[in-house]
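A short worksheet on the structure shown next.
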Amino acid sequence: MGTKNNNKLFYTCSLIEYIGRIQKKRRGEILDDLGKKTLERIYEYSDILHCEPIEKVASEFINECQIVSGTFDNVGECRYRIPDYWTIGEVYERLIEDSYSDENIVGGIWKVYHSWIDEKISDYNTDFYFQPRDYIAACYGKGEIL
């Protein structure tokens, strides 16, 4: 549906994943903390933001949006090799690209991270996040694991 290899989307999703790991919060909660206007700003300026270390960018948004720590630690609970935040960012990027038009990418980001599939992708003790993009998109479209 959307443009394949949307670098702005890839960076945005990777930053959400990074902040979620640092602050130990579900990724949908991170979006709630950021708010839609900040999410739009991150997406819009991601080509500039990615020039800075992701740690610095994340820290600035954590401070600006006063994102407090939670107790969701999917990295600590992982019994296997932990996928890095770029890998998970790419999973979300592809799902959003495959599910939403370019005109509705930011809305798609919001919907995907607030849907049931966020819990499945964030469970690193399964291989769901590792499945082919068309399978993940089909599951999302159907509203269940197929």
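I'm trying to understand the selection: among the residues of segment 25-80, which are polar (S, T, N, Q), in contact (Cβ under 8 Å) with a residue 12 or more places away in the chain and either open to solvent by 30 Å² or more (accessible area, probe 1.4 Å) or out of contact with any Phe, Trp or Tyr (no Cβ under 9 Å at 6 or more places or on another chain) (or both)? Steps first, please.
Here is the first cut: in segment 25-80, the residues polar (S, T, N, Q) are 38, 46, 59, 63, 66, 69, 71, 74.
Of the ones still in play, those that are also in contact (Cβ under 8 Å) with a residue 12 or more places away in the chain are 38, 46, 66, 69, 71, 74.
Correct list: GLN66, SER69, THR71.
Give segment 126-146 a look and list any residue that's of a type in the set (Val, Ile, Thr) and closer than 13 Å to ARG94 by Cβ, or say none. Working first, answer last.
Going residue by residue through segment 126-146, those that are of a type in the set (Val, Ile, Thr) are 126, 136, 145.
The answer is ILE136, and nothing else.
Hey, any hits in segment 104-112 for a residue that's outside any helix (DSSP H, G or I), open to solvent by 30 Å² or more (accessible area, probe 1.4 Å) and among the aliphatic types (A, V, I, L, M)? I'd like the intermediate steps shown before the answer.
Here is the first cut: in segment 104-112, the ones outside any helix (DSSP H, G or I) are none.
Looking through segment 104-112, none of the residues is outside any helix (DSSP H, G or I), open to solvent by 30 Å² or more (accessible area, probe 1.4 Å) and among the aliphatic types (A, V, I, L, M).
Out of the residues in segment 9-24 that are free of Cβ contacts under 8 Å to residues at least 60 places away in the same chain and either β-branched (Val, Ile, Thr) or open to solvent by 60 Å² or more (accessible area, probe 1.4 Å) (or both), state the one that is nearest to ARG94 (Cα to Cα).
Among those residues, the one meeting the criterion is ILE19.
Quickly run through segment 113-130 and pick out the residues that are open to solvent by less than 80 Å² (accessible area, probe 1.4 Å) and without any contact (Cβ under 8 Å) to a residue 24 or more places away in the chain.
Those that are open to solvent by less than 80 Å² (accessible area, probe 1.4 Å) and without any contact (Cβ under 8 Å) to a residue 24 or more places away in the chain: ILE117, THR126, PHE128.
Has segment 134-141 got any residue that is under 15 Å from SER14 (Cβ atoms) and either touching a residue at least 40 places away in the same chain (Cβ under 8 Å) or basic (Lys, Arg) (or both)?
Scanning segment 134-141 turns up no residue that is under 15 Å from SER14 (Cβ atoms) and either touching a residue at least 40 places away in the same chain (Cβ under 8 Å) or basic (Lys, Arg) (or both).
Looking at LYS25, LYS56, LYS37, LYS8, which is the one that is touching a helix residue (DSSP H, G or I) at 6+ places or on another chain (Cβ under 6 Å) and either more than 18 Å from ALA137 (Cα to Cα) or not aromatic (Phe, Trp, Tyr) (or both)? Lay out the reasoning, then the answer.
On the way: LYS25 fails: touching a helix residue (DSSP H, G or I) at 6+ places or on another chain (Cβ under 6 Å); LYS56 fails: touching a helix residue (DSSP H, G or I) at 6+ places or on another chain (Cβ under 6 Å); LYS37 fails: touching a helix residue (DSSP H, G or I) at 6+ places or on another chain (Cβ under 6 Å).
Answer to the check: LYS8.
The values are calculated or read from the model by the stated rules, or taken from the named source; none is laboratory data. Owing to the predicted nature of the structure, the values given are computational and were not obtained by experimental measurement. So basically every Cβ, Gly included, is an ideal-geometry build from the backbone, and we count neighbours across all protein chains shown. Please note that ligands, DNA and RNA were not included when accessible areas were found on the heavy atoms of the full protein model with its side chains. Shrake-Rupley method; radii C 1.70, N 1.55, O 1.52, S 1.80 Å.
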